[in-house]
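Engineer: Before I ask anything, let me first share the structure, which is written out below as structure tokens.
The values are calculated or read from the model by the stated rules, or taken from the named source; none is laboratory data. All values derive from a computational prediction rather than experimental measurement. A quick note on method: Cβ atoms are made from the backbone with ideal geometry, for glycine too, and the neighbour counts reach across all protein chains shown. Note: accessible area is taken over every heavy atom of the protein model, side chains too, but ligands, DNA and RNA are not part of it. Shrake-Rupley method; radii C 1.70, N 1.55, O 1.52, S 1.80 Å.
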Amino acid sequence: MSSSNTTSPVSYFIADLHLADNRPDITACFLSFLQNQAPKAEKLFILGDLFEYWLGDDDDSPFVETIANALKTLSTQTKIFFIQGNRDFLLGKAFAKRSGMTLLPDVEKISLYRQELIILHGDTLCTRDLAYQAFRKKSRSWWWQGIMKNLPLFLRKRIAENYRKKSAASTAMKSQDIMDVTQQEVERVMADMQVDLMIHGHTHRPDVHHFTSENVARTRVVLGDWYDQGSWLKFTPQGYELLNQPFDRK
């Protein structure tokens, strides 16, 4: 751990980068973040959708190798934790090992600088999106994942691209209300886990929401996506703030 981490502890949270080889601007911003901002942190939490889609841990394409190597380099000085998102839920132990990340469950309660909080991708909070929740349940089953992982890589890629097209069409037809979190579910999860702070991604609506539930003041922090800029949450013993970095358009 560097001396800067000892004197001024900091951790970062990111989500929804949707890295893909056809978006070099996002990749460049992420690699810059890993080289310049992230090494200052004790911990980096990646809360899902690091990739636009994940075909399986056997994907050894140059693009995937670039990301894995950059993460592995960072992991020598910063602890990296990963929660699967709705786009990269097939990312498993093999890729986590080669990139130096620790896999966490869908919802994890952590203690950070004497603050207890829960972290998650956020898709499980969108309970009004019944069609997606049905797909999520199926796609997390052992039999569905077993079938997918045994298909040839080129066929998995074709299926993933087809799913992306269908998902985009379906999203365009849904109301913003359906695709956002359900407040009742947020309150239920926080009450069950006995915390007053939640951090998640998924909705692409970066904000800090304060509310009262069961006579307890609670806060929900939503991370930003990386479609148009880099976005992360800086978390220190003094508090936290959402930050962003424009893409280098040169």
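Engineer: Identify, by number, the condition in (1) open to solvent by less than 30 Å² (accessible area, probe 1.4 Å); (2) among the aliphatic types (A, V, I, L, M); (3) over 21 Å from HIS18 (Cα atoms) that LEU130 doesn't meet.
Structural biologist: (1)
Engineer: Within the set of pairs 6 or more residues apart or between chains, which connect a residue that is farther than 14 Å from LEU71 by Cα inside segment 90-106 to a residue that is of a type in the set (Ser, Thr, Tyr) with Cβ atoms less than 7 Å apart?
Structural biologist: Partner pairs satisfying both residue conditions: ASP106/THR124.
Engineer: Can you pull out every residue in segment 19-61 that is open to solvent by 30 Å² or more (accessible area, probe 1.4 Å) and charged (D, E, K, R)?
Structural biologist: ASP21, ARG23, ASP25, LYS40, GLU42, LYS43, ASP57, ASP58, ASP60
Engineer: Can you list the strands (runs of 3 or more DSSP E) lying wholly within segment 52-158 that have 1 or more residues being touching a strand residue (DSSP E or B) at 6+ places or on another chain (Cβ under 9 Å), at pLDDT 95 or above and within 19 Å of GLU185 (Cα to Cα)? First the steps, then the outcome.
Structural biologist: Working: elements: 79-82, 101-103, 107-112, 115-120.
Passing ranges, in order: 107-112, 115-120.
Engineer: Restricting the search to segment 159-186, which residues are modelled with pLDDT of 85 or more, part of a helix (DSSP H, G or I) and among the acidic types (Asp, Glu)? Don't jump to the end; show me each part of the working.
Structural biologist: Start the filter on segment 159-186 by keeping residues that are modelled with pLDDT of 85 or more, which leaves 180-186.
The next check asks that each one be part of a helix (DSSP H, G or I); those that pass are 183-186.
Answer for segment 159-186, where residues must be modelled with pLDDT of 85 or more, part of a helix (DSSP H, G or I) and among the acidic types (Asp, Glu): just GLU185.
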